[in-house]
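The values are calculated or read from the model by the stated rules, or taken from the named source; none is laboratory data. What you see is a predicted model, and the numbers here were worked out from it, not measured in a lab. All Cβ positions, even for glycine, are placed from backbone atoms using ideal geometry, and neighbour counts span all protein chains on display.
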């Protein structure tokens with residue numbers, strides 16, 4: 001009986017964690033900054049180093065986390081590479 005309850009609690013925690021991670025990654029930059037501001041207002045969280053790093057990364061990021069990063073200027077596409085395979 002105890003193992004079944006423990007298993008259900010563990011699955012619930014994992015599902016909730018995955019849902020929060022997905023919501024965070026797909027949220028807009030404005031929503032993420034607002035959530036970090038609210039989290040920083042909690043007692044004891046204002047000086048957390050991980051919170052400051054997350055805020056700095058979010059301020060530098062553009063758009064949602066679901067978008068692919070922009071390609072660099074130095075990287076040529078396969079279509080422009082001589083001898084490369086055609087798509």
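When 36, 20 are checked against the criterion of being at pLDDT 90 or above, touching a helix residue (DSSP H, G or I) at 6+ places or on another chain (Cβ under 7 Å) and surrounded by 10 or more Cβ atoms within 10 Å (Cβ to Cβ), 36 stands alone in meeting it. Among the residues making up segment 23-32, a single one is surrounded by 15 or more Cβ atoms within 10 Å (Cβ to Cβ) and over 10 Å from the mean Cα position of the chain (by Cα): 29.
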